[in-house]
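Q: Below is a structure I'd like to ask you about.
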Amino acid sequence: MADVRAAAEGDADAFARLYDVHVGALFAFCASLTGDRGRARELVQDTFVRAWEALATFRGESAFGTWLHRIAANLAFAEARSARRRAQRVAIEADFDALVSESPIAAAATADDDLAAQLDLGAAVQRLPRGARTVFLLHDLAGYTHAEIGEMLGIAEGTCKAHLFRARRLLRGMLDR
């Protein structure tokens, strides 16, 4: 918390330490959320820029990492809304093979026998509805509690649980085929 206070007072070295501590987990979250490592890098940068600009507004009611995840999720959702509006004007065809090959789960996969299963899981996660995917990634991969996720996303804890239940049910259905 000392680095957060120091960074809020303009200490760039303190902010660099915060960056070093949180960049890995934030990148993993953004890569899972977007399904695109390049876009994830941009989203991480945008998140830290926003965090630096808004650091004075950080009240410390949640962990700094939680606050960063919420900024990233809000930026990703805003971008998704914008993209949907653009897509309504121009028909865009998604390249599914590129999506699967850039999946963070696929990128982390090894040449082991379970490569096909990892690719299937990565593709299935990317096909989940946005809310269910976000809660699944935050809960099952990042390890946040339902209360923390609810706070991050501005939803009720029960809604978070419903999203996770839906994500797991949909994943089971997709992977059982």
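The values are calculated or read from the model by the stated rules, or taken from the named source; none is laboratory data. Computed from a predicted structure; not experimentally measured. When we count neighbours, we look across all protein chains shown, and the Cβ atoms used for this are built from the backbone with ideal geometry, even at glycine.
Q: Say we look at the range 161-177 and pick out the residues that are out of contact with any Asp or Glu (no Cβ under 9 Å at 6 or more places or on another chain) and buried (at least 18 other Cβ atoms within 10 Å of the Cβ); which of these is modelled with the lowest pLDDT?
A: Within the range 161-177, the match that is modelled with the lowest pLDDT is 171.
Q: Moving on to the next point. Would you call residue 137 touching a residue at least 60 places away in the same chain (Cβ under 8 Å), under 18 Å from residue 27 (Cβ atoms), outside the structural domain of residue 66 (by TED's automatic domain parsing) and surrounded by fewer than 19 Cβ atoms within 10 Å (Cβ to Cβ)?
A: no
Q: Helices (runs of 4 or more DSSP H) wholly in the range 31-118 with at least 3 residues that are modelled with pLDDT under 90 and within 20 Å of the chain's Cα centre (by Cα) - which ones?
A: Where helices (runs of 4 or more DSSP H) fall fully within the range 31-118 and carry at least 3 residues being modelled with pLDDT under 90 and within 20 Å of the chain's Cα centre (by Cα), they are 64-89, 96-101, 104-107.
Q: Would you tally the residues in the range 146-160 being touching a His at 6+ places or on another chain (Cβ under 8 Å) and loosely packed, with under 15 Cβ neighbours inside 10 Å?
A: Residues that pass the stated criteria total 1.
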